[in-house]
Amino acid sequence: MRIYPRNLLADAKEERRQGERAFTMVEIAIAIGVIGFALVAVIGILPTGMNAQKDNREDTVISQDAPFFIDAIRNGGTNVFDNNNNNISPIQGLDFLTNYVEKISILGITNTDNVTKITTNSVITSFGSGWEIVGLLSTPEGLYVSSNNYTLTRAIVRSMGGSAVEQNGANQATSFRYQMDVEIIPFVNVAPDSTNFNFYENVLKYAADSPEVLIRSNRWMEVNTGAGTNGSIYLQPASGELAYSCFDVRLHFSWPVLPGPNGTEVVGPGRQTFRTTIASAILASPLIINDAQLWFFQPQLYATQPTINFR
C-alpha cells in the first residue's frame, strides 16, 4: 500500500472543492425573473378560472331548482275549502319553501307606444305555508287580457341546491339568490285555418249546411278564449274550454340577486329559461293574500267542451 504525505492529501481536497462552484448573483437574479414571469401568468388566469367555476356552480344550482318548481306548480293540489274558506286539502310537504322564497310580487305589465310599464299589484314577503307559495306562483297571465296587458309573477329565491351552510335559510347574507319570473299562458296548438269558418261560409255553396263550416266553427268554439268583461285574470269557463285545460308554463331565471341602493335589488347577467306544458284545469281559490289570488292546477280535473249550438 502506498502512503501519501499529509500535505499532498490536503492539496487534493482543495482541488476538488475548487471544482464545486455555487450559483452567482446574476444566475440567481435570472432564475427569480423567470419564476416571476410564470407566477404573473398563473395569477392572471386564476380569476378567469374561478369565475368559470362560479358560473358552472350557479348554472348547476338553477338546473336543479327549476325542475322542482315546475313539478310543484304542475302537481298543484286539490282545491277544497269549507264554508269559512279554510283550505281543508292543502298541499303537503312543501312548507320548507318558506325558508327559501323571500318575496313574491304580482306585477302588471302594460305595453303601449313601444313603452313597457311595470306596475306592482301586490308584494308578499311572509308565507305561512308552502301551498301559499305554490298558489301565488301558479297565477296565470289571464285568458281575457290582451298581449299588451298581462300579469307576471316574480319571486326572489335563495338557492335550494347550494352548500350545506346555506340550507334551511341559514347564512342568508352570503347565500346565492336568484330571480324567478313565472308565466302561465293558455296554450292551444291549432292551425289557424282549422278555425276559419268565415272563409268557407263565403266560398261554399249552401255554407250553412257545409261540413267544412260546421267543423271549423266547432273547433273555433273549442279554442276561442272569448273576451273579458272587466280585463281581469279570473277564468270564467264558457265557450273555448279547451284553452282552460292546456297551459304553457315558462320559468325565467336571472341571477345573482344582489343588494342595491335604497333597499333595491340588482340582478346580474345570468339568464336561463325553462318551459313545459301542463294539461290540467286551473282554478282560483277563495283565499287572497295581500290582494293576490291563489291559484292551483287540478291534476285530477280536465275541462270539457260544453254542448253549445253555434247557430
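The values are calculated or read from the model by the stated rules, or taken from the named source; none is laboratory data. Keep in mind that this is a model prediction, so the values were computed, not measured. All Cβ positions, even for glycine, are placed from backbone atoms using ideal geometry, and neighbour counts span all protein chains on display. Side chains included, ligands, DNA and RNA excluded: accessible areas come from the protein's heavy atoms. Shrake-Rupley method; radii C 1.70, N 1.55, O 1.52, S 1.80 Å.
Put Trp295, Trp220 in order of accessible area, highest first, and with a 1.4 Å probe you get Trp220, Trp295. Each label point was placed 7 Å from the Cα along the Cα-to-Cβ direction; for Arg275 and Gln64 their separation is 2.7 nm. Normalised by 2.2 N^0.38 Å, with N the number of residues, the alpha-carbon radius of gyration of the range 88-139 equals 1.46. Note on exposure: Lys103, Lys54 ranked by accessible area (1.4 Å probe, complete protein assembly) read Lys54, Lys103, with the most exposed listed first.
Projecting label points 7 angstrom from Cα along Cα→Cβ for Asn149 and Thr125 puts them 3.0 nm apart. The calculated FRET efficiency for the pair Lys103 and Val190, based on their C-beta separation and a Förster distance of 25 Å, comes to about 0.10. With a Förster radius of 25 Å applied to the C-beta separation of Gln53 and Glu265, the computed FRET efficiency comes to 0.50. Heavy-atom accessible area, probed at 1.4 angstrom with all protein chains present, ranks Trp131, Trp255 as Trp131, Trp255, highest first.
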